[in-house]
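Trainee: First, the structure itself, so that you have it in front of you.
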Amino acid sequence: QVQLVESGGGLVQAGGSLRLSCAASGSIFSINTMGWYRQAPGKQRELVATITSGGSTNYADSVKGRFTISRDNAKITVNLQMNSLKPEDTAVYYCTADLQLSRIGGSYRYWGQGTQVTVSS
């Protein structure tokens, strides 16, 4: 059974930093794109950042220059370094991983349970 477990959320003042981490466990054949999404109260879930298996990254315009996504393929982890945090970054953050569980199987997106990030003004 595959699980994604996030850590690192919390409460921080505006201008501060947090680092989110997400570790995948289980029987995994290959790992494709990994990423982070967030959902603020009353809003739709939105993309924050993604990183491919080759290391190519993509960011939402709202976080460019402030957030950095990285991954460790050996440890099957994805991280999100968040700097210069703003109150509008307050949300539940979810990690995702597109995983192939067997050589002949397809790739499916798995989600973590979410971690709360609250930025006070």
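Trainee: Given (1) without any contact (Cβ under 8 Å) to a residue 24 or more places away in the chain; (2) under 11 Å from the mean Cα position of the chain (by Cα); (3) closer than 17 Å to TRP111 by Cα, where does THR52 come up short, assuming only one miss?
Mentor: Unmet condition: (2).
Trainee: If you check every pair at least six apart or on different chains, which have Cβ atoms under 8 Å apart with a residue in segment 58-78 that is under 28 Å from ILE28 (Cα atoms) and modelled with pLDDT under 95 first and a residue that is part of a loop (DSSP other than H, G, I, E, B) and open to solvent by less than 50 Å² (accessible area, probe 1.4 Å) second?
Mentor: ILE76/ILE28
Trainee: Now for a different question. Filter segment 42-68 for residues that are small (Gly, Ala, Ser) and assigned to a strand (DSSP E or B) and give the result.
Mentor: Within segment 42-68, ALA49 is the sole residue that qualifies.
Yes/no per residue for (1) free of Cβ contacts under 8 Å to residues at least 12 places away in the same chain; (2) open to solvent by 40 Å² or more (accessible area, probe 1.4 Å):
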{"residue": "VAL2", "(1), (2)": "no, no"}
{"residue": "GLY10", "(1), (2)": "no, no"}
{"residue": "ALA14", "(1), (2)": "no, yes"}
{"residue": "ARG19", "(1), (2)": "no, yes"}
{"residue": "ALA24", "(1), (2)": "no, no"}
{"residue": "ILE31", "(1), (2)": "no, no"}
{"residue": "GLY35", "(1), (2)": "no, no"}
{"residue": "GLY42", "(1), (2)": "yes, yes"}
{"residue": "GLU46", "(1), (2)": "no, yes"}
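Trainee: Residues ILE31, ILE51: which one is closer than 19 Å to GLY112 by Cα, among the aliphatic types (A, V, I, L, M) and modelled with pLDDT under 95?
Mentor: ILE31
Trainee: Now for a separate question. Where in segment 69-121 are the strands (runs of 3 or more DSSP E), entirely inside, with at least 3 residues that are over 16 Å from LEU18 (Cβ atoms) and open to solvent by 40 Å² or more (accessible area, probe 1.4 Å)?
Mentor: Output list reads 107-111.
Trainee: Test GLN44 against the criterion of being of a type outside the set (A, V, I, L, M) and closer than 15 Å to GLN116 by Cα, and give yes or no.
Mentor: Working: of a type outside the set (A, V, I, L, M): yes; closer than 15 Å to GLN116 by Cα: no.
So GLN44 does not fit the description; no.
Trainee: Tell me, yes or no, whether segment 97-113 has at least one residue that is β-branched (Val, Ile, Thr), closer than 28 Å to GLN1 by Cα and at pLDDT 95 or above.
Mentor: no
The values are calculated or read from the model by the stated rules, or taken from the named source; none is laboratory data. Since we're looking at a predicted model, the values are computed, not measured. Please note: Cβ atoms are built from the backbone with ideal geometry, for glycine as well, and neighbour counts cover all protein chains shown. Accessible surface areas use protein heavy atoms only, side chains included; no ligands, DNA or RNA. Shrake-Rupley method; radii C 1.70, N 1.55, O 1.52, S 1.80 Å.
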